[in-house]
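See structure below.
Throughout, read-outs are computed from the coordinates displayed, never taken from laboratory work. Predicted model, so just to flag it, every value in this text is computed and none were measured. Methodologically, a virtual Cβ is constructed for each residue, glycine included, from the backbone with ideal geometry; neighbour enumeration extends over all protein chains shown.
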Amino acid sequence: MEIIRTSNYMELSLKAAQMVIKVVNDNPKAVLGLATGGTPKGTYEKLIKDHKENHTDYSNIQTVNLDEYLGIDPDDANSYRTFMKQHLFNEINIQEKNTHIPNGQVDNYENECQRYDHLIQDIGGIDIQLLGIGQNGHIGFNEPGTPFSETTHIVNLTHDTRKANARFFKDIKDVPSQAITLGIKNILESRLILLLASGENKAKAMARLLNGRDISESFPASALHLHEHVVVIADEAALSLVDKQKRSAY
Ligand code: GLP
C-alpha cells in the first residue's frame with residue numbers, strides 16, 4: 001500500500017485525476033472502475049478540465065460503477081447513473097454504451113448481479129478502481145460483516161450509511177434501504193486500486209485502516225491490505241489520526 005498525503009482536497013483530486021489520466025493514455029481501451037459520493041467529485045472535475053484542455057480521449061474507454069440504489073429508476077435524479085452523467089459522462093467523449101452501472105430497477109436482482117459480474121469479466125476486468133471510504137469502513141456499499149468472498153450482491157444499507165447519504169436527498173426517508181454493489185472480491189480483482197479520503201470525518205476510518213494491519217470483515221476497507229497494488233491518496237485532515245511513522249510505512 002502506498003500512501004500519498006496531500007495538503008488539501010484540491011491537491012488530492014488533482015493527484016487522483018493524474019493517475020486515472022495515465023491509465024487512459026497508456027491504454028485507450030482501459031476499464032475504469034468508478035465511484036460516487038462527495039469524494040470523487042473533485043477528481044471528475046479535474047478529468048473534465050483535462051479533457052477540455054488536453055483532449056484526453058475516452059472514446060474507447062469503458063467504465064464500471066461500484067454500486068446503485070435499489071428501487072430507483074436509472075433516470076431518477078438520485079440514481080448513481082444520473083450522478084455519473086452530471087459529474088462526468090456528459091462532459092467527456094465517452095460512449096454511453098460503454099458506461100456500466102448496475103440497474104437498480106429490474107425484476108430479478110439475482111440475475112442483475114450475475115449479469116454485472118459476467119460483464120466485468122467480458123470486458124477484461126477493471127484496470128483502475130476508484131474508491132471512497134464510508135465512516136464505518138465500507139467500500140462500495142459493502143457494509144461491515146460482508147464476506148470478502150462476495151461478488152456483486154444486494155445489501156441492506158445501515159442506518160448510518162443512509163444518514164451519511166441523506167444530504168443528497170430531500171429527506172432521510174427518501175434514501176433507499178437497499179443497494180446493489182460490487183463485492184469485495186470484485187474490487188480485489190482490479191489491477192490497481194485508488195482509495196481516496198478527505199476530511200476529518202474520515203480520520204477514524206483511516207486510522208483503523210492504516211495504524212494496524214488488522215484484516216477483518218468487520219471493517220471492509222481492511223481487505224485492501226490483501227491487494228498488492230493499492231494507492232491511498234488522502235489529505236491531512238483524513239490522516240490526522242494516523243500515527244506519523246505509519247503515514248510512510250507502507
Ligand atoms: C457511499 C458510496 C461509497 C462511497 C461512500 C463515501 O455510500 N456508496 O462508494 O465511497 O458513500 O462517500 P463520500 O465520498 O460522500 O464520503
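Odds and ends about this structure:
- Rg to Rh quotient for the stretch 148-236, alpha carbon positions, Kirkwood Rh: 0.98
- Inter-centroid distance (Cα atoms) of the stretch 164-233 relative to the stretch 1-67, Å: 18 Å
- Inter-probe distance in nm under a simple model that places probes 7 Å from Cα toward Cβ, at residue 229 and residue 246: 2.6 nm
- Note on the stretch 145-208: with charges restricted to the Cβ of Lys and Arg (+1) and Asp and Glu (-1), its dipole about the Cα centre is near 160 debye.
- Normalised by residue count, the chain yields a Cα convex hull volume of 114 Å³ per residue.
- Amide H contacts of residue 237 (H built 1.01 Å from N, under 5 Å, at least 5 apart or other chain): 199
- Only beta bridges with both residues in the chain are counted; by DSSP, about 25 percent of them are antiparallel.
- The chain: DSSP helices with Cα axial extent of at least 30 Å and average Kyte-Doolittle hydropathy no lower than 1.0: none
- Cross-link partners of residue 46 among lysines, defined as those whose alpha carbon lies under 21 angstrom from its own and excluding same-chain residues fewer than eight positions apart: 15, 22, 29, 85.
- Using a cut-off of 29 Å between Cα atoms, the listed pairs 170/244; 52/163; 185/246; 173/202 include 170/244; 52/163 as exceeding that distance.
- Charge tally in the Cβ shell below 15 Å around residue 120, where Lys, Arg are +1 and Asp, Glu are -1, residue 120 excluded: -4
- The chain - percent relative contact order, Cα under 8 Å, separation 6 or more: 26 percent
- With Cα atoms as the point set, the radius of gyration and Dmax of the stretch 34-89 evaluate to 12.2, 39 Å.
- Computed Rg/Rh of the stretch 5-138, alpha carbon atoms with Kirkwood Rh: 0.96
- Structure remark: mean-square fluctuation, Gaussian network model of the chain, C-alpha springs under 10 Å; the largest value among 158, 99, 63 belongs to 158.
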